[in-house]
Amino acid sequence: MDKSIIIAGFGGQGILSLGQMIAYGAIHSNKEVSWLPSYGPEMRGGTSNCSVVISEKPIASPVISSPDCLIAMNKPSMTKFLYSVKKGGLVLVNQSIINDEVARDDVDVIYVDTSNIAEEAGNLKTANIVMLGVLVGKTNIFTKESIENVIGEVFATKPKVIPCNITAFNMGYEIGVKNR
């Protein structure tokens, strides 16, 4: 199982953190993984993306030209990366910010109202974790429990935010499962 994922959006949306959590999920699952961040100098509000490659065997390069999956958290990111996604790939669209329909019929698309779901989970900052849940629920790339453990470890120094992040993940996970 090889999986290549590009996560892209504005700085401040938790793009790099989402990529790291996916990478940690791969580590917990005894997979090979690479995580390659890219962001503009202005950070918050500027463009931000990262590439994650997961494999059963050593990874030759962290650079992705044709990802299996795109998580687009804003319109410029969708515009930039949409046509690089492999035919038959998966595109997760942050419908809270992106109003456009995906203009491809050769990819699987899931529109996710991340802001409303994150708010319902108890913290608007968990929109990225909602997308993590959708990805895991749809692709079954990791077990639900392994990512819940990752969330607990990542937020170990901020235990008060763990419950809302777990809730956001589970809400996204259910959306992913429904779209299998």
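The values are calculated or read from the model by the stated rules, or taken from the named source; none is laboratory data. All of these numbers come straight from a predicted model, not from anything done at the bench. Please note: Cβ atoms are built from the backbone with ideal geometry, for glycine as well, and neighbour counts cover all protein chains shown.
Only one of (1) in a helix (DSSP H, G or I); (2) out of contact with any helix residue (DSSP H, G or I) (no Cβ under 8 Å at 6 or more places or on another chain) fails for V109. Which number is that?
V109 satisfies every listed condition except (1).
Within segment 142-167, track down each residue that is exposed (fewer than 12 other Cβ atoms within 10 Å of the Cβ) and of a type in the set (S, T, Y).
Of everything in segment 142-167, just one residue is exposed (fewer than 12 other Cβ atoms within 10 Å of the Cβ) and of a type in the set (S, T, Y), namely T157.
Only one of S48, S4, S96 is under 22 Å from G133 (Cβ atoms), surrounded by 15 or more Cβ atoms within 10 Å (Cβ to Cβ), modelled with pLDDT under 95 and of a type outside the set (A, V, I, L, M, F, W, C). Can you tell me which?
Residue meeting the stated conditions: S48.
Failed condition for A118, given (1) in contact (Cβ under 8 Å) with a residue 40 or more places away in the chain; (2) in a strand (DSSP E or B); (3) closer than 25 Å to V161 by Cα, with all others met?
(2)
For segment 140-180, name all the residues that are touching a Lys or Arg at 6+ places or on another chain (Cβ under 7 Å) and of a type in the set (S, T, Y).
Correct list: Y173 only.
Kindly provide the set of residues from segment 1-35 that are among the polar types (S, T, N, Q), part of a loop (DSSP other than H, G, I, E, B), more than 20 Å from Q95 (Cα to Cα) and in contact (Cβ under 8 Å) with a residue 40 or more places away in the chain, ordered by number.
Within segment 1-35, S29 is the sole residue that qualifies.
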